[in-house]
Amino acid sequence: MKMLSELGRYFILMQRVFSRPEKWKMYYRQIIREIDSLGINSIGIVIIISIFMGAVVTLQTRYNLENPLIPLYLIGLTARDTMLLEFSSTIVGLILAGKVGSNIASEIGHMRITEQIDALEVMGINSACYLILPKVIAAVIFNPLLTLLSMFVGVFGGWLASVTTGALSSADYIYGIQYWFVPFYVSYSLIKTVVFAIIITTVPAYYGYHVKGGALEVGHSSTKGVVASSVLILLFNVILTQLLLA
Amino acid sequence: MISVKNISKSFSGEKVLHNISVEFEPGKTNLIIGKSGSGKTVLLKSIIGLHEVDEGSIIYKDIDLVTMPQKQRSVLRKEMGMLFQGSALFDSLTVEENIRFPLDMFTSMSDKEKLDRVNFCLNRVNLNKVNHLFPAELSGGMQKRVAIARAIVLNPKYLFCDEPNSGLDPKTALVIDKLICDITEEYHITTIVNTHDMNSVMEIGEKVIFIHQGHKCWEGSNDEILKSDHKELNDFIFASSFAKKMKSSIDQASS
Ligand SMILES: Nc1ncnc2c1ncn2[C@@H]1O[C@H](COP(=O)(O)OP(=O)(O)O)[C@@H](O)[C@H]1O
Ligand SMILES: [Mg+2]
(Lines give C-alpha, C1' and ligand atoms only; values in the text may rest on other atoms or scores of the structure.)
(Ligands and ions follow the chains in the order given, each with its own letter.)
Protein backbone atom coordinates (compact mmCIF):
# COMPACT_ATOMS: atom_id res chain seq x y z
CA MET A 1 0.00 0.00 0.00
CA LYS A 2 2.77 2.41 0.98
CA MET A 3 4.70 1.39 -2.13
CA LEU A 4 1.70 2.13 -4.33
CA SER A 5 1.29 5.62 -2.92
CA GLU A 6 5.03 6.25 -3.32
CA LEU A 7 4.78 5.09 -6.91
CA GLY A 8 1.85 7.42 -7.41
CA ARG A 9 3.77 10.35 -5.96
CA TYR A 10 6.75 9.45 -8.15
CA PHE A 11 4.65 9.61 -11.30
CA ILE A 12 2.99 12.87 -10.23
CA LEU A 13 6.46 14.35 -9.80
CA MET A 14 7.55 12.98 -13.19
CA GLN A 15 4.58 14.66 -14.81
CA ARG A 16 5.88 17.97 -13.51
CA VAL A 17 9.47 17.13 -14.48
CA PHE A 18 8.61 16.30 -18.08
CA SER A 19 6.76 19.48 -18.90
CA ARG A 20 7.60 22.52 -20.98
CA PRO A 21 10.45 24.62 -19.56
CA GLU A 22 9.79 28.33 -18.94
CA LYS A 23 12.88 29.39 -20.82
CA TRP A 24 15.03 26.96 -22.79
CA LYS A 25 18.10 29.16 -22.55
CA MET A 26 18.24 28.78 -18.76
CA TYR A 27 17.68 25.04 -19.03
CA TYR A 28 20.39 24.73 -21.64
CA ARG A 29 22.78 26.38 -19.23
CA GLN A 30 21.74 23.93 -16.50
CA ILE A 31 22.20 20.93 -18.82
CA ILE A 32 25.77 22.00 -19.55
CA ARG A 33 26.42 22.35 -15.80
CA GLU A 34 24.97 18.91 -15.10
CA ILE A 35 26.93 17.24 -17.89
CA ASP A 36 29.99 18.64 -16.20
CA SER A 37 29.07 17.69 -12.63
CA LEU A 38 27.37 14.34 -13.27
CA GLY A 39 29.14 13.17 -16.44
CA ILE A 40 32.64 14.59 -16.87
CA ASN A 41 33.25 14.10 -13.16
CA SER A 42 32.50 10.39 -13.45
CA ILE A 43 35.01 9.66 -16.24
CA GLY A 44 37.83 8.93 -13.79
CA ILE A 45 35.98 6.35 -11.73
CA VAL A 46 34.58 4.64 -14.85
CA ILE A 47 38.09 4.29 -16.32
CA ILE A 48 39.54 2.90 -13.12
CA ILE A 49 36.90 0.28 -12.42
CA SER A 50 36.63 -0.74 -16.07
CA ILE A 51 40.36 -1.37 -16.43
CA PHE A 52 40.42 -3.52 -13.30
CA MET A 53 37.26 -5.41 -14.17
CA GLY A 54 38.48 -6.15 -17.70
CA ALA A 55 41.74 -7.42 -16.23
CA VAL A 56 40.14 -9.59 -13.57
CA VAL A 57 37.60 -11.15 -15.92
CA THR A 58 40.44 -12.07 -18.27
CA LEU A 59 42.56 -13.60 -15.53
CA GLN A 60 39.71 -15.54 -13.94
CA THR A 61 38.62 -16.97 -17.27
CA ARG A 62 42.22 -18.02 -17.93
CA TYR A 63 42.52 -19.86 -14.59
CA ASN A 64 39.21 -21.62 -15.11
CA LEU A 65 40.14 -22.83 -18.58
CA GLU A 66 42.10 -25.99 -17.83
CA ASN A 67 40.89 -27.87 -20.88
CA PRO A 68 43.59 -27.81 -23.59
CA LEU A 69 40.99 -28.40 -26.30
CA ILE A 70 39.46 -24.98 -25.80
CA PRO A 71 41.36 -22.35 -27.76
CA LEU A 72 42.86 -19.54 -25.67
CA TYR A 73 41.46 -16.76 -27.86
CA LEU A 74 38.04 -17.53 -26.35
CA ILE A 75 39.33 -15.75 -23.25
CA GLY A 76 39.44 -12.52 -25.26
CA LEU A 77 35.93 -13.18 -26.49
CA THR A 78 34.68 -13.80 -22.95
CA ALA A 79 36.26 -10.61 -21.64
CA ARG A 80 34.76 -8.63 -24.51
CA ASP A 81 31.27 -10.03 -24.16
CA THR A 82 31.27 -9.62 -20.38
CA MET A 83 32.10 -5.96 -20.78
CA LEU A 84 29.64 -5.45 -23.64
CA LEU A 85 26.70 -7.33 -22.17
CA GLU A 86 26.82 -6.71 -18.46
CA PHE A 87 29.67 -4.79 -17.05
CA SER A 88 29.73 -1.52 -18.99
CA SER A 89 26.01 -0.98 -18.61
CA THR A 90 24.83 -2.64 -15.40
CA ILE A 91 27.86 -2.47 -13.11
CA VAL A 92 28.78 1.01 -14.28
CA GLY A 93 25.10 1.90 -13.76
CA LEU A 94 25.24 0.63 -10.18
CA ILE A 95 28.43 2.55 -9.46
CA LEU A 96 26.94 5.74 -10.90
CA ALA A 97 23.77 5.15 -8.87
CA GLY A 98 26.00 5.36 -5.79
CA LYS A 99 28.04 8.34 -6.92
CA VAL A 100 25.59 10.42 -8.93
CA GLY A 101 22.46 9.27 -7.06
CA SER A 102 23.64 10.31 -3.62
CA ASN A 103 24.85 13.60 -5.06
CA ILE A 104 21.45 14.35 -6.63
CA ALA A 105 19.38 13.34 -3.59
CA SER A 106 21.45 15.37 -1.17
CA GLU A 107 21.63 18.43 -3.43
CA ILE A 108 17.87 18.54 -4.00
CA GLY A 109 17.11 17.56 -0.39
CA HIS A 110 19.31 20.40 0.84
CA MET A 111 17.49 22.81 -1.46
CA ARG A 112 14.18 21.56 -0.09
CA ILE A 113 14.99 22.07 3.60
CA THR A 114 16.63 25.46 3.04
CA GLU A 115 13.47 26.58 1.16
CA GLN A 116 15.35 27.16 -2.10
CA ILE A 117 12.70 25.02 -3.83
CA ASP A 118 9.96 27.21 -2.33
CA ALA A 119 11.88 30.24 -3.57
CA LEU A 120 11.75 28.88 -7.12
CA GLU A 121 8.04 28.15 -6.79
CA VAL A 122 7.29 31.67 -5.50
CA MET A 123 9.02 33.07 -8.57
CA GLY A 124 6.55 31.07 -10.65
CA ILE A 125 9.11 28.50 -11.81
CA ASN A 126 8.27 24.80 -12.05
CA SER A 127 10.96 23.71 -9.59
CA ALA A 128 10.64 20.00 -10.39
CA CYS A 129 11.25 20.64 -14.05
CA TYR A 130 14.00 23.21 -13.52
CA LEU A 131 15.97 21.10 -11.03
CA ILE A 132 15.44 17.57 -12.34
CA LEU A 133 14.93 17.70 -16.12
CA PRO A 134 18.44 19.03 -16.88
CA LYS A 135 19.91 16.19 -14.81
CA VAL A 136 17.89 13.57 -16.69
CA ILE A 137 18.81 15.05 -20.08
CA ALA A 138 22.49 15.31 -19.11
CA ALA A 139 22.61 11.68 -17.97
CA VAL A 140 20.68 10.37 -20.98
CA ILE A 141 23.13 12.15 -23.29
CA PHE A 142 26.33 11.47 -21.39
CA ASN A 143 25.97 8.02 -19.76
CA PRO A 144 25.98 6.16 -23.12
CA LEU A 145 29.34 7.80 -23.78
CA LEU A 146 30.56 6.55 -20.38
CA THR A 147 29.35 3.06 -21.30
CA LEU A 148 31.22 3.13 -24.62
CA LEU A 149 34.31 4.40 -22.81
CA SER A 150 33.98 1.61 -20.26
CA MET A 151 33.78 -1.01 -23.05
CA PHE A 152 36.98 0.18 -24.68
CA VAL A 153 38.88 0.62 -21.46
CA GLY A 154 37.67 -2.74 -20.08
CA VAL A 155 38.75 -4.65 -23.17
CA PHE A 156 42.05 -2.81 -23.01
CA GLY A 157 42.39 -3.79 -19.33
CA GLY A 158 42.00 -7.44 -20.34
CA TRP A 159 44.72 -7.08 -22.92
CA LEU A 160 46.99 -5.40 -20.41
CA ALA A 161 46.45 -8.24 -17.92
CA SER A 162 47.09 -10.86 -20.62
CA VAL A 163 50.42 -9.49 -21.75
CA THR A 164 51.76 -8.44 -18.37
CA THR A 165 50.99 -11.79 -16.68
CA GLY A 166 51.60 -13.90 -19.77
CA ALA A 167 48.17 -15.51 -19.29
CA LEU A 168 47.75 -15.49 -23.05
CA SER A 169 49.48 -13.85 -25.98
CA SER A 170 48.57 -10.45 -27.30
CA ALA A 171 47.76 -12.03 -30.68
CA ASP A 172 45.35 -14.58 -29.14
CA TYR A 173 43.59 -11.89 -27.16
CA ILE A 174 43.23 -9.53 -30.09
CA TYR A 175 42.00 -12.38 -32.30
CA GLY A 176 39.51 -13.29 -29.54
CA ILE A 177 38.06 -9.84 -29.13
CA GLN A 178 37.33 -9.69 -32.87
CA TYR A 179 35.95 -13.21 -33.09
CA TRP A 180 32.18 -13.60 -33.55
CA PHE A 181 31.42 -10.01 -32.73
CA VAL A 182 27.70 -9.28 -32.34
CA PRO A 183 27.11 -5.54 -32.92
CA PHE A 184 23.67 -5.77 -31.34
CA TYR A 185 25.33 -6.35 -27.95
CA VAL A 186 26.51 -2.75 -28.09
CA SER A 187 23.03 -1.43 -28.89
CA TYR A 188 21.58 -3.64 -26.19
CA SER A 189 24.01 -2.20 -23.68
CA LEU A 190 23.32 1.36 -24.77
CA ILE A 191 19.55 0.89 -24.52
CA LYS A 192 20.00 -0.40 -20.97
CA THR A 193 22.27 2.54 -20.16
CA VAL A 194 19.62 5.04 -21.22
CA VAL A 195 16.98 3.37 -19.03
CA PHE A 196 19.44 3.21 -16.12
CA ALA A 197 20.31 6.90 -16.64
CA ILE A 198 16.65 7.80 -16.16
CA ILE A 199 16.47 5.66 -13.00
CA ILE A 200 19.73 7.01 -11.56
CA THR A 201 18.58 10.61 -11.92
CA THR A 202 14.83 10.55 -11.26
CA VAL A 203 14.66 8.13 -8.31
CA PRO A 204 17.16 9.91 -6.03
CA ALA A 205 15.68 13.23 -7.16
CA TYR A 206 12.26 11.98 -6.03
CA TYR A 207 13.61 11.16 -2.56
CA GLY A 208 15.45 14.48 -2.29
CA TYR A 209 12.49 16.51 -3.52
CA HIS A 210 10.18 15.12 -0.83
CA VAL A 211 12.50 15.50 2.17
CA LYS A 212 10.92 16.89 5.33
CA GLY A 213 12.96 17.93 8.33
CA GLY A 214 16.67 18.65 8.56
CA ALA A 215 20.15 17.53 7.61
CA LEU A 216 19.62 14.06 9.04
CA GLU A 217 16.62 13.44 6.80
CA VAL A 218 18.61 14.66 3.81
CA GLY A 219 21.15 11.94 4.61
CA HIS A 220 18.39 9.32 4.87
CA SER A 221 16.89 10.42 1.57
CA SER A 222 20.23 10.03 -0.14
CA THR A 223 20.65 6.48 1.23
CA LYS A 224 17.10 5.57 0.21
CA GLY A 225 17.64 7.02 -3.24
CA VAL A 226 20.80 4.99 -3.82
CA VAL A 227 19.28 1.73 -2.54
CA ALA A 228 16.05 2.13 -4.49
CA SER A 229 17.79 3.06 -7.72
CA SER A 230 20.24 0.13 -7.39
CA VAL A 231 17.42 -2.36 -6.89
CA LEU A 232 15.51 -0.86 -9.82
CA ILE A 233 18.58 -1.11 -12.05
CA LEU A 234 18.90 -4.82 -11.26
CA LEU A 235 15.18 -5.35 -11.84
CA PHE A 236 15.17 -3.51 -15.17
CA ASN A 237 18.33 -5.37 -16.16
CA VAL A 238 16.38 -8.62 -16.01
CA ILE A 239 13.32 -7.18 -17.75
CA LEU A 240 15.30 -5.55 -20.56
CA THR A 241 17.45 -8.62 -21.08
CA GLN A 242 14.35 -10.76 -21.45
CA LEU A 243 12.82 -8.22 -23.85
CA LEU A 244 15.90 -7.56 -25.97
CA LEU A 245 17.92 -10.78 -26.02
CA ALA A 246 15.45 -13.60 -25.55
CA MET B 1 -4.81 44.47 -1.64
CA ILE B 2 -5.12 40.85 -0.52
CA SER B 3 -8.31 39.60 1.17
CA VAL B 4 -8.14 36.31 2.98
CA LYS B 5 -11.58 34.85 3.67
CA ASN B 6 -12.27 32.00 6.09
CA ILE B 7 -9.26 29.85 5.26
CA SER B 8 -8.51 26.62 7.10
CA LYS B 9 -5.60 24.29 6.64
CA SER B 10 -4.77 20.90 8.12
CA PHE B 11 -1.88 18.48 7.71
CA SER B 12 -2.80 14.79 7.79
CA GLY B 13 -5.92 15.41 9.89
CA GLU B 14 -4.38 17.92 12.27
CA LYS B 15 -5.83 21.39 11.89
CA VAL B 16 -3.17 24.10 11.83
CA LEU B 17 -5.21 27.11 10.66
CA HIS B 18 -8.79 27.70 11.84
CA ASN B 19 -11.10 29.86 9.75
CA ILE B 20 -8.86 32.89 9.33
CA SER B 21 -10.07 36.08 7.63
CA VAL B 22 -7.98 39.20 7.19
CA GLU B 23 -7.31 42.04 4.76
CA PHE B 24 -3.89 43.35 3.79
CA GLU B 25 -3.65 46.85 2.37
CA PRO B 26 -1.20 48.15 -0.22
CA GLY B 27 1.62 50.46 0.83
CA LYS B 28 1.50 49.06 4.32
CA THR B 29 3.69 46.67 6.26
CA ASN B 30 1.24 44.16 7.73
CA LEU B 31 2.59 42.06 10.59
CA ILE B 32 1.53 38.54 11.52
CA ILE B 33 2.70 37.84 15.04
CA GLY B 34 2.46 34.82 17.29
CA LYS B 35 4.41 32.24 19.21
CA SER B 36 6.69 29.78 17.49
CA GLY B 37 4.52 26.96 16.09
CA SER B 38 1.33 29.03 16.08
CA GLY B 39 0.98 28.72 12.30
CA LYS B 40 2.50 31.94 10.93
CA THR B 41 4.59 30.26 8.28
CA VAL B 42 1.73 28.00 7.22
CA LEU B 43 -0.55 31.05 6.93
CA LEU B 44 1.98 32.97 4.86
CA LYS B 45 2.67 30.00 2.58
CA SER B 46 -1.06 29.41 2.18
CA ILE B 47 -1.59 33.01 1.11
CA ILE B 48 1.08 32.58 -1.56
CA GLY B 49 -0.28 29.19 -2.63
CA LEU B 50 2.74 27.12 -1.57
CA HIS B 51 0.26 25.23 0.63
CA GLU B 52 -3.20 24.38 -0.73
CA VAL B 53 -5.87 25.48 1.76
CA ASP B 54 -8.72 23.13 2.73
CA GLU B 55 -11.38 25.82 2.45
CA GLY B 56 -11.78 29.56 2.05
CA SER B 57 -10.58 32.00 -0.56
CA ILE B 58 -7.59 34.27 -1.05
CA ILE B 59 -8.44 37.21 -3.26
CA TYR B 60 -5.74 39.20 -5.06
CA LYS B 61 -7.34 42.37 -6.43
CA ASP B 62 -10.46 40.49 -7.48
CA ILE B 63 -9.23 37.04 -8.47
CA ASP B 64 -9.28 34.04 -6.15
CA LEU B 65 -5.91 32.28 -5.89
CA VAL B 66 -7.50 29.10 -4.55
CA THR B 67 -9.45 28.34 -7.72
CA MET B 68 -6.94 29.88 -10.09
CA PRO B 69 -5.46 27.55 -12.73
CA GLN B 70 -1.71 26.85 -12.44
CA LYS B 71 -0.88 28.98 -15.50
CA GLN B 72 -2.54 32.07 -14.09
CA ARG B 73 -0.84 31.46 -10.74
CA SER B 74 2.55 31.51 -12.45
CA VAL B 75 1.67 34.90 -13.89
CA LEU B 76 0.55 36.20 -10.48
CA ARG B 77 3.73 34.84 -8.88
CA LYS B 78 5.78 37.17 -11.05
CA GLU B 79 4.21 39.99 -9.05
CA MET B 80 5.27 38.42 -5.74
CA GLY B 81 8.56 38.61 -3.93
CA MET B 82 9.37 36.53 -0.91
CA LEU B 83 12.00 36.71 1.77
CA PHE B 84 12.43 33.30 3.43
CA GLN B 85 13.38 32.66 7.02
CA GLY B 86 16.78 31.23 6.07
CA SER B 87 17.17 33.62 3.09
CA ALA B 88 16.94 30.65 0.65
CA LEU B 89 19.57 32.09 -1.67
CA PHE B 90 20.70 29.63 -4.35
CA ASP B 91 24.01 28.54 -2.94
CA SER B 92 25.49 27.44 -6.24
CA LEU B 93 25.10 30.97 -7.63
CA THR B 94 26.93 34.19 -6.77
CA VAL B 95 25.13 37.17 -5.26
CA GLU B 96 24.85 38.80 -8.67
CA GLU B 97 23.54 35.60 -10.32
CA ASN B 98 21.03 35.15 -7.50
CA ILE B 99 19.52 38.59 -7.98
CA ARG B 100 19.72 38.33 -11.77
CA PHE B 101 17.98 34.93 -11.75
CA PRO B 102 14.37 36.21 -12.00
CA LEU B 103 15.49 38.66 -14.72
CA ASP B 104 17.13 35.83 -16.69
CA MET B 105 14.04 33.71 -16.30
CA PHE B 106 11.32 36.19 -17.07
CA THR B 107 12.62 39.22 -18.95
CA SER B 108 14.27 39.80 -22.27
CA MET B 109 16.54 42.56 -20.96
CA SER B 110 20.07 42.87 -22.33
CA ASP B 111 22.98 41.85 -20.11
CA LYS B 112 23.79 45.51 -19.51
CA GLU B 113 20.23 46.31 -18.42
CA LYS B 114 20.18 43.30 -16.11
CA LEU B 115 23.45 44.29 -14.50
CA ASP B 116 22.19 47.84 -13.99
CA ARG B 117 19.02 46.54 -12.37
CA VAL B 118 21.00 44.15 -10.13
CA ASN B 119 23.30 46.93 -9.01
CA PHE B 120 20.35 49.25 -8.43
CA CYS B 121 18.72 46.68 -6.13
CA LEU B 122 21.98 45.93 -4.32
CA ASN B 123 22.42 49.64 -3.83
CA ARG B 124 18.88 49.96 -2.50
CA VAL B 125 19.65 47.43 0.25
CA ASN B 126 22.94 49.22 0.96
CA LEU B 127 25.28 46.55 -0.32
CA ASN B 128 28.15 46.99 -2.72
CA LYS B 129 31.21 45.10 -3.92
CA VAL B 130 29.61 41.75 -3.11
CA ASN B 131 28.54 40.87 -6.68
CA HIS B 132 30.90 37.97 -7.07
CA LEU B 133 30.74 36.45 -3.59
CA PHE B 134 28.78 33.29 -2.85
CA PRO B 135 25.98 33.31 -0.22
CA ALA B 136 28.10 31.17 2.13
CA GLU B 137 30.69 33.95 2.20
CA LEU B 138 28.23 36.54 3.58
CA SER B 139 27.06 37.29 7.12
CA GLY B 140 23.45 36.54 8.07
CA GLY B 141 22.44 40.18 7.77
CA MET B 142 24.04 40.53 4.35
CA GLN B 143 22.30 37.34 3.16
CA LYS B 144 18.97 38.85 4.22
CA ARG B 145 19.74 42.00 2.25
CA VAL B 146 20.64 40.01 -0.85
CA ALA B 147 17.41 38.05 -0.44
CA ILE B 148 15.47 41.34 -0.23
CA ALA B 149 17.25 42.57 -3.35
CA ARG B 150 16.28 39.36 -5.16
CA ALA B 151 12.69 39.66 -3.94
CA ILE B 152 12.27 43.20 -5.30
CA VAL B 153 14.20 42.85 -8.56
CA LEU B 154 11.05 42.33 -10.65
CA ASN B 155 9.21 45.24 -8.97
CA PRO B 156 6.72 43.07 -7.08
CA LYS B 157 3.26 44.26 -6.05
CA TYR B 158 3.33 41.89 -3.08
CA LEU B 159 6.18 41.20 -0.69
CA PHE B 160 6.16 38.36 1.84
CA CYS B 161 8.72 38.06 4.61
CA ASP B 162 8.99 35.06 6.94
CA GLU B 163 10.76 36.10 10.14
CA PRO B 164 13.08 38.52 8.35
CA ASN B 165 15.17 39.13 11.44
CA SER B 166 15.49 35.66 12.89
CA GLY B 167 19.11 34.95 13.68
CA LEU B 168 20.15 38.60 13.55
CA ASP B 169 21.35 40.82 16.38
CA PRO B 170 18.75 43.41 17.52
CA LYS B 171 20.46 46.30 15.77
CA THR B 172 20.81 44.56 12.40
CA ALA B 173 17.25 43.31 12.83
CA LEU B 174 15.97 46.88 13.10
CA VAL B 175 17.89 47.91 10.01
CA ILE B 176 16.29 45.07 8.03
CA ASP B 177 12.82 45.96 9.37
CA LYS B 178 13.32 49.59 8.43
CA LEU B 179 14.48 48.57 4.96
CA ILE B 180 11.38 46.46 4.39
CA CYS B 181 9.16 49.31 5.59
CA ASP B 182 10.84 51.93 3.42
CA ILE B 183 10.70 49.75 0.32
CA THR B 184 7.03 49.02 0.98
CA GLU B 185 6.13 52.71 1.11
CA GLU B 186 8.45 53.75 -1.68
CA TYR B 187 7.03 51.26 -4.22
CA HIS B 188 3.53 51.02 -2.73
CA ILE B 189 3.84 47.25 -2.16
CA THR B 190 1.41 45.11 -0.17
CA THR B 191 3.80 43.64 2.39
CA ILE B 192 3.16 40.87 4.90
CA VAL B 193 5.78 40.13 7.55
CA ASN B 194 5.81 37.19 9.96
CA THR B 195 7.57 37.86 13.20
CA HIS B 196 7.77 36.97 16.85
CA ASP B 197 10.17 39.81 17.53
CA MET B 198 8.67 42.45 19.86
CA ASN B 199 11.09 45.12 18.67
CA SER B 200 9.69 44.80 15.16
CA VAL B 201 6.14 45.00 16.42
CA MET B 202 6.84 48.25 18.24
CA GLU B 203 8.93 49.76 15.43
CA ILE B 204 6.96 48.89 12.30
CA GLY B 205 3.64 47.45 13.46
CA GLU B 206 1.11 49.84 11.92
CA LYS B 207 -1.13 46.85 11.29
CA VAL B 208 -0.76 43.71 13.39
CA ILE B 209 -2.58 40.36 13.32
CA PHE B 210 -2.08 38.07 16.28
CA ILE B 211 -2.26 34.30 15.66
CA HIS B 212 -2.67 31.92 18.59
CA GLN B 213 -2.79 28.16 18.01
CA GLY B 214 -3.96 28.65 14.46
CA HIS B 215 -6.75 31.12 15.34
CA LYS B 216 -6.71 34.81 14.52
CA CYS B 217 -7.26 36.28 17.99
CA TRP B 218 -6.60 39.96 17.64
CA GLU B 219 -6.04 42.71 15.09
CA GLY B 220 -4.90 46.31 15.54
CA SER B 221 -1.92 48.66 15.61
CA ASN B 222 1.16 48.65 17.87
CA ASP B 223 -0.29 51.52 19.93
CA GLU B 224 -3.44 49.52 20.55
CA ILE B 225 -1.40 46.48 21.63
CA LEU B 226 -0.10 48.37 24.65
CA LYS B 227 -3.61 49.21 25.75
CA SER B 228 -5.16 45.85 24.94
CA ASP B 229 -6.34 43.55 27.71
CA HIS B 230 -6.55 40.46 25.49
CA LYS B 231 -5.13 37.71 27.68
CA GLU B 232 -3.17 35.59 25.15
CA LEU B 233 -1.89 38.70 23.40
CA ASN B 234 -0.63 40.13 26.68
CA ASP B 235 0.96 36.82 27.63
CA PHE B 236 2.75 36.82 24.29
CA ILE B 237 3.81 40.48 24.15
CA PHE B 238 4.72 40.86 27.79
CA ALA B 239 6.37 37.49 28.23
CA SER B 240 9.47 38.66 30.12
CA SER B 241 9.26 40.04 33.66
CA PHE B 242 10.84 43.26 32.45
CA ALA B 243 8.04 43.71 29.92
CA LYS B 244 5.43 42.85 32.56
CA LYS B 245 6.70 45.67 34.77
CA MET B 246 6.59 48.02 31.79
CA LYS B 247 3.00 47.03 31.10
CA SER B 248 1.84 47.60 34.66
CA SER B 249 3.44 51.04 34.73
CA ILE B 250 1.71 51.91 31.44
CA ASP B 251 -1.60 50.72 32.88
CA GLN B 252 -1.08 52.80 36.01
CA ALA B 253 -0.19 55.89 34.04
CA SER B 254 -3.31 55.61 31.91
CA SER B 255 -5.72 54.93 34.80
N1 LIG C 1 4.54 20.74 5.94
C2 LIG C 1 3.99 20.48 7.13
N3 LIG C 1 3.47 19.25 7.39
C4 LIG C 1 2.90 18.98 8.58
N5 LIG C 1 2.81 19.85 9.59
C6 LIG C 1 3.31 21.09 9.41
C7 LIG C 1 3.92 21.47 8.18
N8 LIG C 1 4.32 22.74 8.27
C9 LIG C 1 3.98 23.16 9.52
N10 LIG C 1 3.37 22.17 10.21
C11 LIG C 1 2.83 22.28 11.58
O12 LIG C 1 2.02 23.43 11.65
C13 LIG C 1 2.21 24.11 12.87
C14 LIG C 1 2.52 25.57 12.64
O15 LIG C 1 3.82 25.67 12.09
P16 LIG C 1 4.46 27.02 11.56
O17 LIG C 1 3.48 27.73 10.70
O18 LIG C 1 5.77 26.68 10.94
O19 LIG C 1 4.69 27.85 12.89
P20 LIG C 1 5.40 29.27 13.06
O21 LIG C 1 4.35 30.15 13.61
O22 LIG C 1 6.52 29.06 14.01
O23 LIG C 1 5.89 29.70 11.71
C24 LIG C 1 3.27 23.36 13.64
O25 LIG C 1 2.65 22.58 14.60
C26 LIG C 1 3.93 22.49 12.58
O27 LIG C 1 4.36 21.28 13.15
MG1 LIG D 1 7.76 30.02 11.00
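The values are calculated or read from the model by the stated rules, or taken from the named source; none is laboratory data. These figures come from a predicted structure and were not determined experimentally. Every residue, glycine among them, receives a Cβ derived from its backbone with ideal geometry; neighbour counts consider all protein chains shown. For the accessible areas, the whole protein counts, side chains as well, though only heavy atoms, and no ligand, DNA or RNA atoms are used. Shrake-Rupley method; radii C 1.70, N 1.55, O 1.52, S 1.80 Å.
Output ³J(HN,Hα) for segment B:162-179: one whole-Hz value per residue in order, computed from phi by the Karplus curve 6.51 cos²θ - 1.76 cosθ + 1.60 with θ = phi - 60°, and x for Gly and Pro.
Per-residue couplings from phi come out as 9, 6, x, 10, 5, x, 10, 6, x, 6, 4, 4, 5, 4, 5, 4, 4, 4 Hz.
What FRET efficiency comes out for the pair B:Asp54/A:His220, r = Cβ-Cβ distance, R0 = 45 Å, nearest 0.05?
0.95
Check B:Ile32: other-chain or 5+ apart residues with amide H under 5 Å from its amide H, H built from backbone geometry?
B:Val193, B:Asn194, B:Thr195, B:Ile209
Given R₀ = 22 Å, what would the calculated FRET efficiency be for A:Val182 paired with A:Leu234, taking r from the Cβ atoms and rounding to 0.05?
Values: r = 23 Å, r/R0 = 1.06.
With a Förster radius of 22 Å, E is 0.40.
Report the local net charge at B:Cys217: Lys and Arg +1, Asp and Glu -1, summed over other residues whose C-beta lies under 14 Å from its C-beta.
That sum, taken over residues with Cβ under 14 Å, equals -1.
On average, how many beta carbons from a partner chain sit within 10 Å of the beta carbon of a residue in A:123-129?
For peptide A:123-129, the averaged partner shielding equals 5.
Which order do the peptides B:64-75, A:69-80, B:112-123 come out in when sorted by mean C-beta neighbours inside 10 angstrom, highest first?
Per-residue Cβ counts within 10 Å, averaged per peptide and sorted highest first, yield A:69-80, B:112-123, B:64-75.
Springs between alpha-carbon atoms under 10 Å, Gaussian network over chain A: tell me which of A:Ile104, A:Ile12, A:Ile35 tops the mean-square fluctuations.
A:Ile12
Counting only other chains, what is the mean number of Cβ atoms within 10 angstrom of the Cβ of each residue in peptide A:108-121?
Details: counts 0, 0, 1, 4, 0, 1, 9, 10, 8, 2, 7, 13, 4, 8.
Counting other chains' Cβ atoms within 10 Å and averaging over A:108-121 gives 5.
Put simply, what bits of segment B:55-87 lose 30 Å² or more of accessible area when the other protein chains are there, versus the chain on its own (1.4 Å probe)?
SASA drop of 30 Å² or more in segment B:55-87: B:Arg77, B:Phe84.
Can you give me the long-range amide H partners of B:Asp64? Hydrogens built in the peptide plane at 1.01 Å from N, cutoff under 5 Å, separation of 5 or more residues or another chain.
Under 5 Å from the amide H of B:Asp64 lies no amide H from a residue far enough along the sequence or on another chain.
Given A:Lys25/A:Lys192; B:Lys207/B:Lys231; B:Lys178/B:Lys244, which pairs have Cα atoms separated by over 28 Å? Present the calculation step by step, with values, prior to reporting the outcome.
Values: A:Lys25/A:Lys192 30 Å; B:Lys207/B:Lys231 19 Å; B:Lys178/B:Lys244 26 Å.
From the list (A:Lys25/A:Lys192; B:Lys207/B:Lys231; B:Lys178/B:Lys244), the Cα-Cα distance tops 28 Å for A:Lys25/A:Lys192.
Carbon-plus-sulfur fraction of the accessible area of chain B, 1.4 Å probe, in percent?
Solvent-exposed carbon and sulfur of chain B make up 51 percent of the total.
Which chymotrypsin sites (Phe, Trp or Tyr not before Pro) in segment A:1-50 sit in a loop by DSSP (not H, G, I, E or B) and have at most 16 other Cβ atoms within 10 Å of their own Cβ?
Here the chymotrypsin sites (Phe, Trp or Tyr not before Pro) that fit, given the DSSP loop and packing criteria, are A:Phe18.
For chain A, modelled as a GNM with alpha-carbon contacts under 10 angstrom, which of A:Tyr173, A:Tyr185, A:Tyr63 fluctuates the most?
A:Tyr63
First measure r as the distance between the Cβ atoms of A:Val194 and B:Ala136, then evaluate 1/(1 + (r/R0)^6) with R0 = 25 Å and state the FRET efficiency to the nearest 0.05.
0.10
Send over a whole-number figure in Å² for the accessible area per residue of segment A:34-245, probe 1.4 Å. Before the final figure, lay out each step's value.
Working: 8820 Å² over 212 residues.
That works out to 42 Å² for each residue.
With a cut-off of 8 Å between alpha carbons and a minimum separation of six or more residues, what is the relative contact order of segment A:103-246 in percent? Write down the numbers at each step before the final one.
Details: 118 pairs, mean separation 59.4, N = 144.
So the answer I get is 41 percent.
Label-point separation (nm) for B:Gln252 and A:Phe52, each offset 7 Å from Cα along Cα-to-Cβ?
8.0 nm
Which entries in A:Lys212/B:Lys35; B:Lys45/B:Lys114; B:Lys171/B:Lys247 show an alpha-carbon gap greater than 27 Å?
B:Lys45/B:Lys114
When you count, for each residue, the other Cβ atoms within 10 Å and take the mean per peptide, how do A:105-111, B:127-133, B:216-222, A:115-121 rank with the highest first?
A:105-111, A:115-121, B:216-222, B:127-133
In chain A, carbon and sulfur make up what percent of the accessible area (probe 1.4 Å)?
After summing per-atom areas, the C and S share lands at 72 percent.
Determine the total buried accessible area between chain A and chain B, counting protein heavy atoms only with a 1.4 Å probe; round to the nearest 100 Å².
1900 Å²
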